[in-house]
Ligand SMILES: C[S@@+](CC[C@H](N)C(=O)[O-])C[C@H]1O[C@@H](n2cnc3c(N)ncnc32)[C@H](O)[C@@H]1O
């Protein structure tokens, strides 16, 4: 089998076809095959698993995923790359390749892709099936991909992906640190996340300007059960962090504008024993869940 994932093969192939790696699609290919194996291994894939890969590239990670999983759905936005990947993947019966943008927009996945995922997931034995996102993600859309997938049906059991190290640091950041943000809380409120390995630019072709990391995120139904309404939680979390430096009372007031008045907001803060003069970023994940749940209850009562 041709190794399509070396700098020399990629340079030659791109030159022959007049292609250039497109930075707007985050086209940095992982050329260290031990690391391609590590991404596949770090997701503990077996024949119970439906795996989603976003960014097929030349298909080298895809074929490794297919060797381990029940089925792989892989999505590529770039027609030229999809042709290249087709050569690698055409004999693999458990791979569905889609030539498409995985995202409909920043807040939503492509609905046909979601439909395709549900169809394939339904074919697996219900008691043991698992759904995983395993990919070397395009960095420009890594945040919406991870963030939106955690609100989809089916919810992934595991996300094991290569992303910018800076983003991985934000995902695992503890409260009170500069990286702690709405994204940290969102992911930590429904999952356990850890950085598996940091990757220097030189393991990619062409090398990106930033350091990368493989991150593993394991969703946890018990963590998720603490949240009364996932969509309300996601929406209000983003609103609370829109002005993260402002005092809690003021950000809660603007997040709940039209739903709760000042007295009702003060009553919620008082009930929870939160001073209105701390900043939202000082709240732990559990406190943030408690606050947004309580705001949801107060808002329903006020209607
Ligand atoms: C970082 S490369 C990874 C390629 C390959 N899997 C690898 O490991 O080397 C990201 C890939 O995602 C593709 N891509 C970028 N944006 C996309 C999108 N919105 N939907 C689907 N694929 C996308 C790019 O064309 C590129 O092939």
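Every number in this text was worked out from the coordinates using simple rules, so none of it is lab data. Only a predicted model underlies this, so the values are computations on that prediction, with no experimental measurement involved. Positions of Cβ are generated from backbone atoms using ideal geometry, with glycine treated the same way; all protein chains shown enter the neighbour counts.
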Inset, instruction - Between 245, 129, 282, find the one with the highest GNM mean-square fluctuation for the chain; connect C-alpha pairs within less than 10 Å. - result: 245
Legend entry - Normalised contact order of the range 236-303, rounded percent, pairs of Cα under 8 Å and 6 or more residues apart: 39 percent
Legend entry - Helix 7-16 axis, angle to the chain major axis (alpha carbon atoms, nearest 10°): 70 degrees
Legend entry - Estimated inter-spin distance, residue 100 and residue 86, nm [label 7 Å along Cα→Cβ]: 1.8 nm
Inset, instruction - Decide, for the range 127-263, between rounded, prolate and oblate: order the square roots of the alpha carbon gyration tensor eigenvalues as a ≥ b ≥ c, take rounded if a/c falls under 1.5, and otherwise choose prolate if a/b is larger than b/c, else oblate. - result: oblate
Legend entry - 17 Å tail of the calculated P(r), the range 195-303, as % of Cα pairs: 61 percent
Inset, instruction - Before anything else, pin down the relative contact order of the range 7-224: Cα pairs under 8 Å, at least 6 apart, normalised by residue count, whole percent. - result: 20 percent
Legend entry - Between helix 33-42 and the chain: long-axis angle, C-alpha atoms, 0 to 90°, nearest 10: 40 degrees
Legend entry - Translational D in µm²/s for the range 52-129 (Stokes-Einstein at 10 °C, 1.306 mPa s, Kirkwood Rh from C-alpha pairs): 123 µm²/s
Legend entry - Cβ-based exposure ranking for 242, 25, in which fewest neighbours within 10 Å come first: 242, 25
Inset, instruction - Mind telling me which of 276, 59, 258 comes out most flexible in a GNM of the chain, alpha-carbon contacts under 10 Å? - result: 258
Inset, instruction - Please give the contour-minus-distance gain from residue 178 to residue 115: 0.36 nm per residue of separation, less the Cα-Cα distance, rounded to one decimal in nm. - result: 18.9 nm
Inset, instruction - Can you give me the P(r) profile for the chain? Cα pairs, bins 20 angstrom wide beginning at 0, each as a whole percent. - result: 32, 51, 17, 1
Inset, instruction - Please check which bits of the range 167-193 a label hung off residue 242 would reach, taking the label as a point 7 Å along Cα-to-C-beta and the cut-off as backbone N under 19 Å. - result: 181-186
Inset, instruction - Rank these for me by crowding, 234, 243, going from fewest to most other beta carbons within 10 Å. - result: 243, 234
Inset, instruction - For helix 111-122, report the angle its Cα long axis makes with the longest principal axis of the Cα atoms of the chain; keep it between 0 and 90° and round to the nearest 10°. - result: 80 degrees
Inset, instruction - For the range 117-208, calculate the relative contact order in percent as a whole number, restricting contacts to Cα pairs under 8 Å that are 6 or more residues apart. - result: 22 percent
Legend entry - Prolate/oblate/rounded call for the range 1-113, Cα gyration tensor, a/c under 1.5 rounded: oblate
Inset, instruction - Specify whether the C-alpha gyration tensor of the range 103-146 places it in the rounded, prolate or oblate class, a ≥ b ≥ c being the square roots of the eigenvalues: rounded for a/c under 1.5, otherwise prolate if a/b is larger than b/c and oblate if not. - result: oblate
Inset, instruction - Kindly provide the helix-only [θ] at 222 nm of the chain, computed as the sum of -39,500 (n - 2.57) over DSSP H runs of four or more divided by all residues, to the nearest 500 deg cm²/dmol? - result: -12500 deg cm²/dmol
Legend entry - GNM flexibility winner over the chain from 79, 288, 162 (Cα, springs under 10 Å): 79
